[in-house]
Amino acid sequence: MSEGMAHDVPAELAEVYLTLLADVSRTGRLLRRDELDRLRTLGEHSAEAGYGLRELVSHCLSATRRAWQTLPGITAASAVGELRRMGDAVLTAADAALAALGEGHERAQRMAVRQEEAARREFIDDLLYGRADLGLLAERAERFGLRLAGAYTVAVAVGDQPFADVHPLVNRVERELVGRFGERDVLLASKDGRLVCIAPDSERAVLEAFADLTLRPGPGYRPVLRVATGRRHSGASGVLRSYEEALDALDYASRLDLPARQLKAEELLVFPVLMRDRAAMADLVRSVLGPLSEARGGARPLLETIAVQAEAAYVNAEAARRLGLSVRTLGYRLERIKALTGYDPSDALQRFTLETAAMGARLLNWPEEPL
């Protein structure tokens, strides 16, 4: 702390510190536990008053230097050996005093960080659950670097293990994003074991970097399984909507066992449409695919054949390779599908019906679960 700020230091700290040094210079004793506890408390109060630890240490050392020649034990020393002993005692006491002051200051800092983290987590919960008044939520958002009047997009990453705030990958991603883009309107947090990134729509590069860092984090880090990005929406309610869209995309990708690791909600909008009328979808699956249950080995192999045929763009050689079958065996399966269902995969309209019903079956987990 500078000379001009000396008078701003709590008077109690200056009085206690210099009084202890004076007494130690006379007696050569060590500081007692109650004195160290008092210094720890003063360190806490100084941190709460906004004083940095470096400022406090600098001020105390300056006070020690100024008071050195006037300390009673120093002025009373009659021999070099006595002066050396008193000097060692004073410096030992100063070292212990500064350590105690630092402990108290750091304790207050840790408490402030915990309180800030609790407030941040509560804000994220309210934002992503839509539980708070939107006006108040927008005011609180500014504290965490978000201006919710604009349009935001949310990306969500899911790994093979739940994420927590102290997860190594979380620290790496946050460090990289802040290093590249600064604090500008970006919020990174773990939520329900997933990693969430909220960024303004104008900063699409942030979301692209988030996806790249989580999918390809580099040596020593486990990549995530998938990253999904919601659509852009405005305001606090828009953040919640984008977040829910990203979660839905992850859910559909998992249920459909999609190979893609990076997903966009707009590319999967067909699935919410298909599932909007669950009863109608169940009826479609039952009517079109129900007869497959009569096949030897059950419906599952033939359902997989329909799905893989679609993924392979109906190129039989490629579909057979993906299924691990010969082209001849694949042809036999296709004939069985046509014979059992009455739908011909070579006909465009009937093929679409089969594909839609097969997707519905995967979404409804049929035939494992009855319709």
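Put a dot 7 Å past the Cα of Glu176, heading toward its Cβ, do the same for Thr19, and the two dots end up 5.6 nm apart. Rounded to whole Å, the principal axis extents of the Cα atoms in the range 228-271 read 33, 18, 13, largest first.
Between the Cα long axis of helix 80-129 and the first principal axis of the chain there is an angle of about 30°, rounded to the nearest 10. Helical content alone sets the calculated 222 nm signal of the chain at -20500 deg cm²/dmol, taking -39,500 (n - 2.57) per DSSP H segment of four or more residues and averaging over every residue.
Looking at the range 52-101, I'd like the Rg to Rh ratio, where Rg is from alpha-carbon atoms and Rh is Kirkwood's inverse mean 1/r.
Value, to two decimals: 1.04.
Spacing of the modelled spin labels on Ala119 and Ser58, each 7 Å from Cα toward Cβ, amounts to 2.7 nm. Placing a label point 7 Å from the Cα of Ala151 along the Cα-to-Cβ direction, the residues of the range 174-212 whose backbone N falls under 11 Å from that point are 201-203. What the Cβ-Cβ distance of Arg32 and Val80 gives, at R0 = 30 Å and to the nearest 0.05, is a FRET efficiency of 0.55. Against the longest principal axis of the chain, how steep is helix 53-67, in degrees 0 to 90 to the nearest 10, with axes from Cα atoms? For helix 53-67, the angle is close to 10 degrees. Relative intensity of the range 197-354 on a log10 scale, I(q)/I(0) at q = 0.09, 0.13 Å⁻¹, equals -0.43, -0.79, per a Debye sum over C-alpha point scatterers of equal strength in the absence of solvent. Binning the alpha carbon pair distances of the range 188-227 at 5 angstrom intervals from zero yields the distribution 6, 22, 28, 26, 14, 3, 1, expressed in whole percent. The relative contact order of the range 273-364, computed from alpha carbon pairs under 8 Å that lie at least 6 residues apart in sequence, is 39 percent. With only the Cα atoms considered, the range 143-281 has a convex hull volume of 114 Å³ per residue. Just so you know, the Cα atoms of the range 235-312 work out to an Rg and Dmax of 15.8, 55 Å.
Relative to the longest principal axis of the Cα atoms of the chain, helix 348-363 runs at roughly 40 degrees.
I need the peptides 194-203, 265-274 ranked by packing, meaning the mean over residues of other C-beta atoms within 10 angstrom, with the highest value on top.
In decreasing order of mean packing, 194-203, 265-274 become 194-203, 265-274.
Only Cα sites of the chain enter the Debye sum here, all with the same form factor; the resulting log10 I(q)/I(0) across q = 0.10, 0.11, 0.12 1/Å is -0.81, -0.90, -0.98, listed in q order. A Förster radius of 41 Å, combined with the Cβ-Cβ distance separating Glu318 from Arg296, puts the computed FRET efficiency at roughly 0.95.
Percent of C-alpha pairs per 5 Å bin in the range 326-371, short distances first: 5, 21, 20, 23, 21, 8, 1. Note on the range 20-65: Cα convex hull, mean projected area over all directions, 3.5 nm².
All of the numbers you see were taken from the coordinates with simple rules; none came from a lab. Note that the structure is a prediction, hence the values are computed from the model and not measured. Neighbour counts run over all protein chains shown; Cβ positions are idealised from the backbone, glycine included.
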